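The values are calculated or read from the model by the stated rules, or taken from the named source; none is laboratory data. Remember, it's a predicted structure, so these values are computed and weren't measured experimentally. Cβ placement follows ideal geometry from the backbone for every residue including glycine, while neighbour counts extend to all protein chains displayed.
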Amino acid sequence: MINKKLTYQLKGGMCRVCLFSNEDCSKMKFHEMQPISKGDSDGVVIVRCDGFKRPEN
């Protein structure tokens, strides 16, 4: 069995509508966020962003 390092990625749809969509979120601790999906065959885990904020209309 090959151990793959997991890569954590934010759910893109949330990023598109987030109040902070123009900010640099690369320093956020994705590995500590709530997983939305288990790691796929490439080792990618989609997570729910802790910093997500929907803009008020």
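Things worth noting here:
- Only one entry in GLN9, GLN34 is of a type outside the set (Lys, Arg) and at pLDDT below 90, namely GLN9.
- Whichever residue in segment 32-57 is out of contact with any helix residue (DSSP H, G or I) (no Cβ under 9 Å at 6 or more places or on another chain) and of a type in the set (A, V, I, L, M) and, among such residues, is surrounded by the most Cβ atoms within 10 Å (Cβ to Cβ): MET33
- Contact map, segment 13-35: first residue acidic (Asp, Glu), second residue outside any loop (DSSP other than H, G, I, E, B) and at pLDDT 90 or above, Cβ cut-off under 9 Å, separation 6 or more or different chains; pairs are GLU32/VAL47.
- Residue match in segment 40-51 (condition: on the phi < 0 side of the Ramachandran plot, of a type in the set (Gly, Ala, Ser) and at pLDDT 90 or above): yes
- For ILE46: the one exception among (1) assigned to a loop (DSSP other than H, G, I, E, B); (2) in contact (Cβ under 8 Å) with a residue 12 or more places away in the chain: (1)
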